[in-house]
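The values are calculated or read from the model by the stated rules, or taken from the named source; none is laboratory data. Bear in mind that the values here come from a model prediction, so they are computed numbers and not experimental data. Glycine gets a Cβ as well: all are built from the backbone with ideal geometry, and neighbour counts include every protein chain shown. Ligands, DNA and RNA are stripped out before the accessible areas are found, and what is left, the full protein with its side chains, is counted by its heavy atoms. Shrake-Rupley method; radii C 1.70, N 1.55, O 1.52, S 1.80 Å.
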Amino acid sequence: FVTVLPGSAAAAVAARAAASRVEPGAGDLQAVEVLDAPTDLHVVAALAAAQLVEEDQAEAMRAALADVRAVQVAADGSLVRPALEDLLRPDDEVLTIMPGRGVDPLVIDVVVGIARQRVPGIEVVVLDSGRDHADLELGAE
């Protein structure tokens, strides 16, 4: 059984097309499931959940994907604050920030400050996306 976490709409289309060509019981591959993971942040959340269980990792990934809320926004102050205000809830425990390589580190500091102001005690995790853009992927759980 193979579970695919595409990370983008285009990758999801390609993965679903490839999965449709897999014949059940063909060789060692029994099935391919493409989960709804439209951003890199969704992929990270799903993989983290899979690491926490010994069995049924696919179910753990599905549950994590159902819980994560994410947005991708240009690293522009006039856009980031409203995106955070829409994303964050008072009971959120974790904010994950995945900046593109073109994002000024000061913008990340501002995002962290806004998040901690809106949700005192929130854990903020910053992961390098490795992408060559100036966007932020923000996810809350």
So what's the chain giving for Cα Rg divided by 2.2 N^0.38 Å, two decimals? 1.17
Under-5 Å amide H pairs with GLU123, H placed in peptide plane, nonlocal only: VAL94, LEU95
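Dipole magnitude of the range 1-69 about its Cα centre, charges +1 at Lys/Arg Cβ and -1 at Asp/Glu Cβ only, in debye to the nearest 20? Write out the running numbers ahead of the final one.
Working: 4 positive and 10 negative charges, 71 e Å.
So the dipole magnitude of the range 1-69 works out to roughly 340 debye.
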Spacing of the two label points (7 Å from each Cα toward its C-beta) at GLU59 and LEU79, in nm: 4.0 nm
Report, in whole Å, the centroid distance computed from the Cα atoms of the range 24-53 and the range 60-129. 23 Å
Per residue, what accessible area does the chain have, given a 1.4 Å probe and all protein chains present, in Å²? 57 Å²
FRET efficiency estimate (nearest 0.05) - Cβ-Cβ, GLU23 to ARG101, R0 35 angstrom: 0.25
Restricted to the chain, the DSSP antiparallel beta bridge percent, nearest 5, is 65 percent
Let me know the charge dipole size of the chain about its Cα centre in debye, to the nearest 20, where only the beta-carbon of Lys, Arg (+1) and Asp, Glu (-1) is charged. 380 debye
More than 14 angstrom separation, counting every C-alpha pair in the range 36-85; what % is that? 54 percent
Take the chain, connect every pair of alpha-carbon atoms lying under 10 Å apart with a spring to form a Gaussian network, then pick out the residue of ALA37, ALA48, ALA17 with the largest mean-square fluctuation. ALA17
At 7 Å along the Cα-to-beta-carbon direction for both ASP128 and VAL110, put a label point, then send me their distance in nm to one decimal. 2.3 nm
Over 17 Å apart: what share of the alpha carbon pairs of the range 84-141 falls there, rounded to a whole percent? 31 percent
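Considering only protein heavy atoms and a probe of 1.4 Å, how much of the accessible area of the chain is carbon and sulfur, as a whole percent? Can you show the working numbers first?
Details: 4190 of 8020 Å².
Accessible surface attributable to carbon and sulfur in the chain totals 52 percent.
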Gaussian network model of the chain, springs between alpha carbon atoms under 10 Å - residue of ALA15, ALA31, ALA74 with greatest fluctuation: ALA31
